[in-house]
Ligand code: KIV
């Protein structure tokens, strides 16, 4: 459980890196999940644009809209009491440049109650990170595998180019980001880069040398059909998919057999 019940801020994450306390981050997309995650003591709740794949059943994150991000972030922000709420800037606002990115990030903060935004991209998005932080909006970076570049990358692949990663991370840090997600990076590289950086790294598929870890809520819970297995780097703590299927099958059987509702469950 967390050490304090005080609201987590971007500054708290920097303090946690200095003191060696691991940062715990998890995605959420709705009110009840966020309430449970917050009550469990998670430090950061991310409304990821994984919304597109996890909630909307799409193949990529590219079609998620700004309005959809704002809607889901509002549900989460309403539930979170302690955790820092971070919302993804969806494609293609960072790619359009600093002015569009600042406008979209400001709208996210104003309309949803998020405390920060996450922006994918390193060196290439340095001007965007600078403009958004200069506008007073806290930015979490996202380097390594960047799912918004999936068409160019040709798939979800481990990112092994350490020199490029180092340049990306330096650009994100120098332009004011308060932390950075490291996705699908070999663990030795992630550990070396984490040690070099002043801001905390939050890993996903990047090994235990990062300052914190993030998982997608539905992967952690096994909240899907067995054939839609979670990626290798996600640890599934419970097989909720089978539990839900079993519960729904029991309900269907009770209805069909006349065992639901009983008189006690009727008016
Ligand atoms: O969109 C998302 O959920 C993310 C996490 C996987 C870090 O970016």
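The values are calculated or read from the model by the stated rules, or taken from the named source; none is laboratory data. Nothing here was measured: the structure is a model prediction, and the numbers come from that model. Glycine also receives a Cβ, built like all others from the backbone with ideal geometry; neighbour counts cover every protein chain displayed.
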If the requirement is being surrounded by 19 or more Cβ atoms within 10 Å (Cβ to Cβ), away from the ligand (no atom under 16 Å from the Cβ), modelled with pLDDT of 95 or more and part of a helix (DSSP H, G or I), which of these qualifies: 170, 106, 94, 101? 101
Answer yes or no as to whether residue 176 is within 17 Å of the chain's Cα centre (by Cα), closer than 22 Å to residue 25 by Cβ, part of a loop (DSSP other than H, G, I, E, B) and more than 14 Å from the ligand (Cβ to nearest atom). no
Going through segment 187-232 in order, the residues found to be in contact with a strand residue (DSSP E or B) (Cβ under 8 Å, 6 or more places away or on another chain), under 16 Å from residue 145 (Cβ atoms) and either outside any loop (DSSP other than H, G, I, E, B) or more than 10 Å from the ligand (Cβ to nearest atom) (or both) are 190, 193, 201, 202, 203, 204, 206, 210, 213, 214, 215
Looking only at segment 8-42, which residues are within 15 Å of the ligand (Cβ to nearest atom), buried (at least 21 other Cβ atoms within 10 Å of the Cβ) and assigned to a loop (DSSP other than H, G, I, E, B)? 28, 29, 42
For residue 75: the one exception among (1) more than 11 Å from the ligand (Cβ to nearest atom); (2) touching a strand residue (DSSP E or B) at 6+ places or on another chain (Cβ under 8 Å); (3) assigned to a helix (DSSP H, G or I): (2)
